[in-house]
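Novice: What follows is a single structure, and I will ask about it in a moment.
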Ligand SMILES: Nc1nc2c(c(=O)[nH]1)N[C@H]1C(S)=C(S)[C@@H](COP(=O)(O)OP(=O)(O)OC[C@H]3O[C@@H](n4cnc5c(=O)[nH]c(N)nc54)[C@H](O)[C@@H]3O)O[C@H]1N2
Ligand SMILES: Nc1nc2c(c(=O)[nH]1)N[C@H]1C(S)=C(S)[C@@H](COP(=O)(O)OP(=O)(O)OC[C@H]3O[C@@H](n4cnc5c(=O)[nH]c(N)nc54)[C@H](O)[C@@H]3O)O[C@H]1N2
Ligand code: SF4
Ligand SMILES: [Mo]
């Protein structure tokens, strides 16, 4: 038995170091390593059980071609040569016929590493002139806000939370989505930090909080503006900091002015005294830190909400001390641009916001989408407006390629299936986005069946459609070299990685905001009302957009992360029936008893599942987990069938939590 070291690149803030026990090329067990200090020697149960994904029944081990009707999951085995030949022929046929824009690459995070996306895939689709997919299901509203205000300044390290006197956890549920934050938070509380949790649900950390603010979904913008107004009115704002280090604060103050504590309380469904307590606690504690999650962006007000929340430490002048400031995503601090490093052409073709994929598949003309190439993504499980996506994939005249590790709901609709390696079988480069670790991901086990990596398959397809060039990187290693060479601190990074550890940025992995790191904006100031975002948002930034609920569909449906899966990854391992959670008062009003089968519906679709009454939700809010597969509900539909394909005010982000529904006995 051998222990091999690698890292987990999956879509999780933590970026764990892994120690993998291997015997005869096969995985025996996985546990946490220590190269990334955040891992602290332990990992989540999802990845500890990853063997079930690698070797399970659903794993794809050879290419296949459809034999049954679309969606039936009936395939025959094919050789790589036959499958790639077929795919290359179809790509060429569409490009030479109606044009490259008839090709739609459908991809999102996949293994989330820097070498498995925007590599040879970008060369292939860029050179074919395919439709460009805007990857907008996650982090684009928060990302636009963090970029606009601070140029994505590096965030407060979780390790420094123990210096804070007040921690605000806003729209994040680390007990499921980034477990290493939880013990650090415990340490911070033991050292005297007060914890405020802003979440419509009583999540595990809300139970340990000094103040749980059970906000009505989609109203975070108003709460944050009310906190600002309170600070301006009560002489708590740091006007010296605002004058010296920010622009746009006068506009922000003016836009916040309408949100008195009373008005905000009414709209957010909170007691005014709770908002005042929050305002005082956050303003008067120093250091104070805000950990901003992604729950608050998944609605129409998402971009302005994230900007207002991230603007709070500037208004209060909470920077310049260890444990003060904010943490958002750290994903871009390394300056690693995979597509640029590999030489992908500029994106000049038609663009599609991926939240509108169903519409594009059904409605695009000039040219219509004739070929969908799905990789790193399970669109049927994770995109909004699931019924339209399904109708699109059912089109007889659509040629669908699915390049996947396992037989997902989407893979069942493929015309050609290509088997992909997992992160235990290929090279990658992983960046934690919560902590500060950049780590190599190594192949540590033998490949399963005939699975191939993204780089191999897309490089081969470049050859077969005749767009490969002699100067192209040949493999992941060469791509990695070019990627590291393109960063301002390449030597340090490369030597740290080659020594087998986790590389850290030159300012260290515990930077103090406004001491070690400053906004990456052209004038190094915080732009509280970034002009481009203000212009791009329909009514201007910080203008509250009304709740989409109605008398017919009064309940707000949340689809929060689920601790068993990462988005929908690993969903094949959990075929239980998932309940809709609902407040007992809402259940009683509808005459529903715990555990009975209900129908959850709106104009977009319906889901049949059991109901579970819980006081952990506020009345008026229901929840059905994110990332479910068709086998998790009675009728094979999930929360995504009820989620609108509308987009947020800023950034064009998905609005999953703007789903408004009705519930009745089935
Ligand atoms: N186990 C597991 N881990 C994951 C993932 C997973 O699916 N499973 N997904 C990964 C990915 S892709 C991401 S993006 C991150 C997400 O990480 P998080 O942001 O922590 O997760 P979410 O579940 O999206 O949302 C967090 C919380 O926001 C709350 N929320 C919903 N609507 C609102 C609102 O309007 N306002 C406020 N204040 N709160 C609201 C929800 O109740 C939820 O508790 O996690 C990553 N880690
Ligand atoms: N209702 C609802 N839906 C949501 C959300 C929500 O809050 N509510 N949140 C959204 C969020 S935050 C996100 S990030 C998205 C995620 O949406 P997706 O990106 O679709 O996420 P996954 O379900 O993890 O699917 C990734 C797929 O890529 C495959 N894969 C992994 N590595 C590789 C590889 O190296 N090569 C290839 N070819 N394939 C690979 C995996 O097997 C998996 O099936 O979902 C969104 N969907
Ligand atoms: S999913 Fe997150 S917690 Fe689990 S091993 Fe990977 S990085 Fe660590
Ligand atoms: Mo995400």
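Novice: Hey, residue 165 hits all of (1) under 26 Å from residue 438 (Cβ atoms); (2) in the same structural domain as residue 198 (by TED's automatic domain parsing); (3) surrounded by fewer than 24 Cβ atoms within 10 Å (Cβ to Cβ) but one; which does it fall short on?
Specialist: Result: residue 165 passes all but (1).
Novice: Mind checking whether some residue in segment 317-326 is closer than 30 Å to residue 625 by Cα and in a loop (DSSP other than H, G, I, E, B)? Talk me through it step by step, then tell me what you get.
Specialist: Looking only at segment 317-326, we keep the residues that are closer than 30 Å to residue 625 by Cα, and these are 326.
Applying the additional criterion that residues be in a loop (DSSP other than H, G, I, E, B) yields none.
No, the conditions are met nowhere in segment 317-326.
Novice: A further question follows. Report those helices (runs of 4 or more DSSP H) wholly inside segment 443-554 carrying at least 3 residues which are modelled with pLDDT of 95 or more. Outline the logic, then answer.
Specialist: Numbers: elements: 454-465, 476-485, 490-498, 531-536.
Where helices (runs of 4 or more DSSP H) fall fully within segment 443-554 and carry at least 3 residues being modelled with pLDDT of 95 or more, they are 454-465, 476-485, 531-536.
Novice: In addition: Among the numbered criteria (1) within 16 Å of ligand 2 (Cβ to nearest atom); (2) closer than 23 Å to residue 95 by Cβ; (3) in contact with a helix residue (DSSP H, G or I) (Cβ under 6 Å, 6 or more places away or on another chain), which one does residue 354 miss?
Specialist: Result: residue 354 fails condition (3) only.
Novice: Pull out all pairs, ordered by first then second residue, where Cβ-Cβ is under 6 Å, the residues are six or more apart or on different chains, the first lies in segment 235-251 and is in the same structural domain as residue 519 (by TED's automatic domain parsing) and at positive phi, and the second is part of a loop (DSSP other than H, G, I, E, B) and buried (at least 18 other Cβ atoms within 10 Å of the Cβ).
Specialist: Partner pairs satisfying both residue conditions: 248/528; 248/529.
Novice: Within segment 562-653, considering only strands (runs of 3 or more DSSP E) that don't extend past its boundaries, which have at least 2 residues that are touching a residue at least 12 places away in the same chain (Cβ under 8 Å) and under 23 Å from the mean Cα position of the chain (by Cα)?
Specialist: On the way: elements: 580-582, 597-601, 606-613, 621-623.
Output list reads 580-582, 621-623.
Novice: Being surrounded by fewer than 18 Cβ atoms within 10 Å (Cβ to Cβ), away from ligand 2 (no atom under 16 Å from the Cβ) and not in a helix (DSSP H, G or I) is the filter here; which residues of segment 33-59 pass it?
Specialist: Scanning segment 33-59 gives 34, 40, 41, 42.
Novice: Filter segment 34-50 for residues that are touching a strand residue (DSSP E or B) at 6+ places or on another chain (Cβ under 8 Å) and closer than 20 Å to residue 176 by Cα and give the result. Step through it out loud before you land on a result.
Specialist: Residues of segment 34-50 that are touching a strand residue (DSSP E or B) at 6+ places or on another chain (Cβ under 8 Å), as a first pass: 34-36, 39-43, 46-48, 50.
The answer is 36, 39, 40, 41, 42, 43, 46, 47, 48, 50.
Novice: Please pick out the residue among 184, 128, 195, 211 that is over 21 Å from the mean Cα position of the chain (by Cα) and either within 16 Å of ligand 3 (Cβ to nearest atom) or at pLDDT below 95 (or both).
Specialist: Working: 128 fails: either within 16 Å of ligand 3 (Cβ to nearest atom) or at pLDDT below 95 (or both); 195 fails: either within 16 Å of ligand 3 (Cβ to nearest atom) or at pLDDT below 95 (or both); 211 fails: either within 16 Å of ligand 3 (Cβ to nearest atom) or at pLDDT below 95 (or both).
None of the others qualify; the one that does is 184.
Novice: Restricting attention to segment 1-32, which residues are closer than 19 Å to residue 438 by Cα, surrounded by fewer than 23 Cβ atoms within 10 Å (Cβ to Cβ) and touching a helix residue (DSSP H, G or I) at 6+ places or on another chain (Cβ under 6 Å)?
Specialist: 32
Novice: Answer yes if at least one residue in segment 97-113 is touching a strand residue (DSSP E or B) at 6+ places or on another chain (Cβ under 9 Å), surrounded by fewer than 20 Cβ atoms within 10 Å (Cβ to Cβ) and modelled with pLDDT under 95, and no otherwise.
Specialist: No: zero hits.
Novice: Sticking with this one: Looking at this structure, is residue 257 free of Cβ contacts under 8 Å to residues at least 60 places away in the same chain and touching a strand residue (DSSP E or B) at 6+ places or on another chain (Cβ under 6 Å)?
Specialist: Values: free of Cβ contacts under 8 Å to residues at least 60 places away in the same chain: yes; touching a strand residue (DSSP E or B) at 6+ places or on another chain (Cβ under 6 Å): no.
Taking the combined requirement at face value, the residue does not satisfy it.
Novice: How many residues does segment 1-21 contain that are in contact with a strand residue (DSSP E or B) (Cβ under 8 Å, 6 or more places away or on another chain) and within 13 Å of ligand 1 (Cβ to nearest atom)? Before the answer, list the steps.
Specialist: From segment 1-21, those in contact with a strand residue (DSSP E or B) (Cβ under 8 Å, 6 or more places away or on another chain) are 1-12, 15-21; that's our starting set.
Next, from what is left, pick out any that are within 13 Å of ligand 1 (Cβ to nearest atom): 8-12, 15-16.
Of the residues in that region, 7 qualify.
Novice: Continuing with the same structure: Within segment 86-115, track down each residue that is within 10 Å of ligand 2 (Cβ to nearest atom) and within 30 Å of residue 646 (Cβ to Cβ).
Specialist: At the first step, the residues of segment 86-115 found to be within 10 Å of ligand 2 (Cβ to nearest atom) are 106-113, 115.
Listed by number, the residues that qualify are 106, 107, 108, 109, 110, 111, 112.
Novice: Please verify whether residue 134 is over 30 Å from residue 187 (Cα atoms) and either within 16 Å of ligand 4 (Cβ to nearest atom) or within 15 Å of the chain's Cα centre (by Cα) (or both), treating the condition exactly as stated.
Specialist: The answer is yes for residue 134.
Novice: Has segment 22-32 got any residue that is part of a loop (DSSP other than H, G, I, E, B) and in contact with a strand residue (DSSP E or B) (Cβ under 9 Å, 6 or more places away or on another chain)?
Specialist: Of the residues in segment 22-32, the ones part of a loop (DSSP other than H, G, I, E, B) are 24-25.
From what's left, in contact with a strand residue (DSSP E or B) (Cβ under 9 Å, 6 or more places away or on another chain): none.
Within segment 22-32, not a single residue is part of a loop (DSSP other than H, G, I, E, B) and in contact with a strand residue (DSSP E or B) (Cβ under 9 Å, 6 or more places away or on another chain).
Novice: For segment 313-349, how many residues meet the condition of being surrounded by fewer than 22 Cβ atoms within 10 Å (Cβ to Cβ), within 24 Å of the chain's Cα centre (by Cα) and on the phi < 0 side of the Ramachandran plot? Spell out the reasoning first.
Specialist: We begin by selecting, within segment 313-349, every residue surrounded by fewer than 22 Cβ atoms within 10 Å (Cβ to Cβ); these are 320-322, 329, 331-337, 339-340, 343-349.
Pick out the ones that are also within 24 Å of the chain's Cα centre (by Cα) and you get 329, 331-337, 339-340, 344, 347.
Keeping just the survivors that are on the phi < 0 side of the Ramachandran plot gives 329, 331-334, 336-337, 339-340, 344, 347.
Selection size over segment 313-349: 11.
The values are calculated or read from the model by the stated rules, or taken from the named source; none is laboratory data. Treat the numbers as computed from the prediction; the structure is a model and nothing was measured. We place every Cβ from the backbone using ideal geometry, glycine too, and count neighbours over all the protein chains shown.
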